[in-house]
1. Other chains near B:21-30: what is the mean number of their Cβ atoms within 10 Å of each residue's Cβ?
2. Could you bin all the Cα-Cα distances of segment B:8-371 into 10 Å bins starting at 0 and give me the percent of pairs in each, rounded to whole numbers?
3. May I have the extent of the alpha carbons of chain A along their three principal axes, as whole Å values ordered from largest to smallest?
4. Determine the dipole magnitude for segment B:106-146: charges of +1 sit on the beta-carbon of Lys and Arg, -1 on that of Asp and Glu, nothing else is charged, the reference point is the Cα centre, and the result goes in debye to the nearest 20.
5. Which ³J(HN,Hα) values, rounded to whole Hz and listed in residue order, are derived for segment B:2-16 from phi using the Karplus coefficients 6.51, -1.76 and 1.60 in 6.51 cos²θ - 1.76 cosθ + 1.60 with θ = phi - 60°, glycine and proline given as x?
6. Using modelled backbone amide H atoms (1.01 Å from N, in-plane), which distant-in-sequence or interchain residues come within less than 5 Å of residue B:223's amide H?
7. Can you pull out the trypsin sites (Lys or Arg not before Pro) in segment A:92-190 that DSSP calls coil and that have at most 15 other Cβ atoms within 10 Å?
8. With no solvent and one equal point scatterer placed on each C-alpha of segment B:112-223, evaluate the Debye formula and give log10 I(q)/I(0) for q = 0.10, 0.19, 0.21 Å⁻¹, two decimals.
Amino acid sequence: MHYNTGYHREAVPLVRRFVQMFRETECVCVPSASCVAMMREHYELIATQENDATLLADVQSLLPRVFEFSELLTERLKVEDVGASFAHSVTYHPSCHSLRMLNIREGPLKLLRAVRGLELRDLPEKEQCCGFGGTFAVKNADVSAAMLEAKEVCVIQAGAEVVTALDNSCLMQIYGGLHRAGSPVKTMHIAEILASTGASA
Amino acid sequence: MSIRVGKTSAARTFPIAAKEALGNAQLRRNVHHATDVIRNKRALRVEEMPDWQQLRDSASAIKQHTLAHLDFYLEEFSRNCESSGGKVHWARDADEANAIAVKLICEFAGDAPQEVIKVKTMTSDEVQMNVALEAADITPIETDLADMIVQLGHDEPSHIVVPALHKNRVEIRDIFRREMNLPELTEQPEDLTAAARRYLRERFLRTKIGISGANFLVAETGAVCVVESEGNGRMCVTLPEMLVTLVGIEKVIPKSQDLEVFLQLLPRSATGERMNPYNSLWSGVTIGDGPREFHVILLDNGRTKLLEDELERETLQCIRCGACLNACPVYRETGGLAYGSIYSGPIGAILSPQLQSLAPTLDALELSCPDV
C-alpha cells in the first residue's frame, strides 16, 4: 500500500522486515494474492533501487518460496481435494491481483469443486473489479462505490449464500456493500471454506 | 514555454469530477453499453489472430527502437517529406503549434474569415487549436462524426476513439435539430446519418483548407498515414487546396514495412474491426491531384522530456487504440469527461500529467489495462 501510493522509501523497512522474518523459512504461505503480487512485482525493483545487493540476493532467494494460499495447494502440493465439507452454495470472485498479476484462474475453482456438499455458482461478469483497490477506496470513494454497486448486482444474481475470494480486501468491500443493502449473502475467505468440516457457515 | 494538454490545468481533480459523472445515470448506461460492445468485438478479432502477442511484441520493439533514435527518424521523415513537396515545421509547445497553423492559414488565404475542415486530430485538442483558430477569425469544422456531434453540442470529447460515447441517439437528434435547423428530424440512425452527410458534404465541397492529425508518420518515405471509418478523412486530405497535418513526434515509425504490424493491431484493438474502411497514405504534393500545399507540424509539447526516463518513455509507445479505456472499470463508471483531458482513461491518467510534469490525480488501480 505504501509503494502503490508513492511512499517508496517508507516501504523499504517493510521489505527488509519481511525478508528477515522469513529468511530461513522453507515455505511462506500468504492468504492474500495482492501481497504476493506486490512481492513478485516490486521487491526486486525496490532492492535494486536501494542499491542493496544483500537485500536483492535475499529477496531473490526468498521469492521462490513464497506462495499465495491456493497456489500452494494446487501448484506446489498438487492437491485439489483437502477433505473439506461445506454444504452451501458458493460463488467465487477472482480478485484483480490474483487474476491479472498472478494469473490464478482454475486453481481455486478446482479446490471449491472438491468440497463435499458445496454447490458452486457462476458469478456473472466475474472479472470486473470490486472497486476496493486499497487507497483507491478512500481517495476515489465515489467511483469505488459505483464499481461495488455493479459487483453487488452480479453477486445477488449469482444466487449463492456465500461469496468467496483469495483476498480479504475484496471480501471486506463486497461485504460492506451487501450488508448495507440488507443482503443475507455472507463473505468467506477460501481458506475458511476449505477448513470447514461440515459445521454451519 | 507553454506545454499544455487541453484544459487540464483548470480541470477539477479526478475524484471531484468523477462524483458528478457518477450522478449521470444516462452517461453511465451509455458508457457501460458502448465499452461492453467494443470490448467484446475486440476480443473476437483478437482471438482469430494466431500471432496476436507476436504482433504486439513487434510493435513494442519497433516503437522502442524508434524512440531510442527519435531524432534520426524525425530528421529522415522531414527530409523525405520535403523532397516530395511537403513542408515540415517544428513546434516546441502548444502555443507554437497554434501560431504556425494560424500563420500558414492566413498566408494562404489572406485576412478574410476562413473555414477549415478538420479530421482525426486529438492532438489539436491537446494544444487547444480551435481556440487559437477562432481568435484569428478562422472557423474550425469538425468532420469526424462524433467530434462533429461534440462540437455542435458545445461539449467535450469523452473517449479517444469514440468521442461522443456519452451521447445517445435522442440527444444527438436534438443537437442536429437545433444546429442544422431540422425540426422534424427523427432519431433513426439512417435519418441522423443522412443529416450529418448533407451537413458535411456541403462543407467538404466548399472549404479550401484542411487540418488533419496522423496515426503514423513513415520516416522512410516522408508519408503520413491516417486510418478512419467514415470517409471524411479522404475528403479532408484530398479536396482542400491546402492541408496542414498536426502530429506528435512520437508517431513516427521507420519504414513502410512497419505499417504491416500497426495496421493489423490498431483497427482490431480500437474498434474490433479487421481493417479500417479507409487507410490513407500520402506524401508531399502532386500538382493537379489533391492539395497544392501540404504542411506537417511536428509537435513536442512535453514529449522530449518523457524520452529522458526509460519508464516514462514507454508512454510514448501508445498507438491510441483506446482499448485500455474500454477495459477500465473506473472509466466504465465515470466516462472520459471526469478525467478533464482529451486523453482520458488509463493512458490519459498517465499521459496528461506526464506531458505537463504534473502529479497524476488518479492512482492506478487494478490493472485491467495490461490485459489488453
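Bear in mind these aren't lab numbers, they're just calculated from the coordinates by the rules spelled out. Only a predicted model underlies this, so the values are computations on that prediction, with no experimental measurement involved. In this analysis, Cβ positions are derived from the backbone assuming ideal geometry, glycine residues included, and neighbour counts consider all displayed protein chains.
1. 1
2. Values per bin, smallest distances first: 5, 24, 35, 27, 9, 0.
3. 52, 42, 24
4. Charge dipole, segment B:106-146, about its Cα centre: 120 debye, nearest 20.
5. Karplus values, whole Hz, x for Gly and Pro: 10, 7, 8, 10, x, 9, 4, 5, 9, 6, 6, 5, 4, x, 6.
6. Result for residue B:223 returns B:218.
7. Hits after loop and neighbour filter: A:105, A:126.
8. These q points yield log10 I(q)/I(0) values of -0.33, -1.07, -1.23.
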